[in-house]
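Undergrad: There's a structure below that I have some questions on.
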Amino acid sequence: MRGLALFSLVLCAVALGVAGGSEGAGGCVPTRADALGPFYEAGAPVRAKVGTGYVLSGRVLAARTCRPVAKARIEFWLANPQGEYDDAHRATVFASKAGRYRFESNRPVAYSGRPPHIHVRVSARGFRTLVTQHYPRAGRSSATFNLVLRRS
């Protein structure tokens, strides 16, 4: 009977998000790395907008603690509406004190057999640099994409 009560308590905690969620003692799941690709160029201008029609936002978090990573440098690059990479579609933003960021662009397009995507490179003092990609869902004009970093 006592085991059943403990099981019920754990089940309730999970349902309420106290345990087993993306935050808490277990930490956050690190963001999956993805290919850098051949079109990365360092030194993208600091700007939060390179077009209109799609907004990507979220938080930069530490994997072990789920705490925000303030001032993380986030670089974005994507193909223009014609499916070509250019300097007009590169940007750098910095996460706020709460780890939040917002980036606006044209809706990513498919090209050369690749699905629509936005390249992302995140760097912050004390953390491993993360290179990943965001793949928008069809028909959506915005998405939340949290970037979870591992300590170096």
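Undergrad: In segment 109-135, which residues have a backbone nitrogen under 19 Å from the label point lying 7 Å from L36's Cα in the Cα-to-Cβ direction?
TA: 118-134
Undergrad: Any idea what log10 I(q)/I(0) is at q = 0.09, 0.22 Å⁻¹ for segment 25-149, Debye with uniform C-alpha scatterers and no solvent?
TA: For segment 25-149, the Cα-only Debye profile gives -0.23, -1.34.
Undergrad: So how do 32-41, 77-86 stack up, highest first, on mean other-Cβ count within 10 Å? Could you put the intermediate results ahead of the total?
TA: Values: 32-41: 11.8, 77-86: 16.3.
Packing order, densest peptide first, comes out as 77-86, 32-41.
Undergrad: Hey, another quick one. Could you estimate the translational diffusion coefficient of segment 26-77 from the Stokes-Einstein equation, with Rh from the Kirkwood formula over C-alpha pairs, at 10 °C and 1.306 mPa s, in whole µm²/s? Numbers along the way, then the final one.
TA: Values: Rh = 13.6 Å.
Here the translational diffusion coefficient equals 116 µm²/s.
Undergrad: Where both residues lie in segment 25-149, what percent of DSSP beta bridges are antiparallel, nearest 5?
TA: Numbers: 24 of 32 bridges.
Here the antiparallel bridges make up roughly 75 percent for segment 25-149.
Undergrad: Further question on the same structure: Residue by residue through segment 72-82, which ³J(HN,Hα) values in whole Hz follow from phi under the Karplus form 6.51 cos²θ - 1.76 cosθ + 1.60 (θ = phi - 60°), with glycine and proline marked x?
TA: In residue order, the calculated couplings are 4, 8, 10, 9, 10, 8, 8, 6, 6, x, 8 Hz.
Read the figures in this text as sums done on the coordinates, not as results from a lab. Fair warning: this is a prediction, and the values are worked out from it, not measured in the lab. Counting neighbours? That spans all protein chains shown, and the Cβs are built from the backbone with ideal geometry, glycine included.
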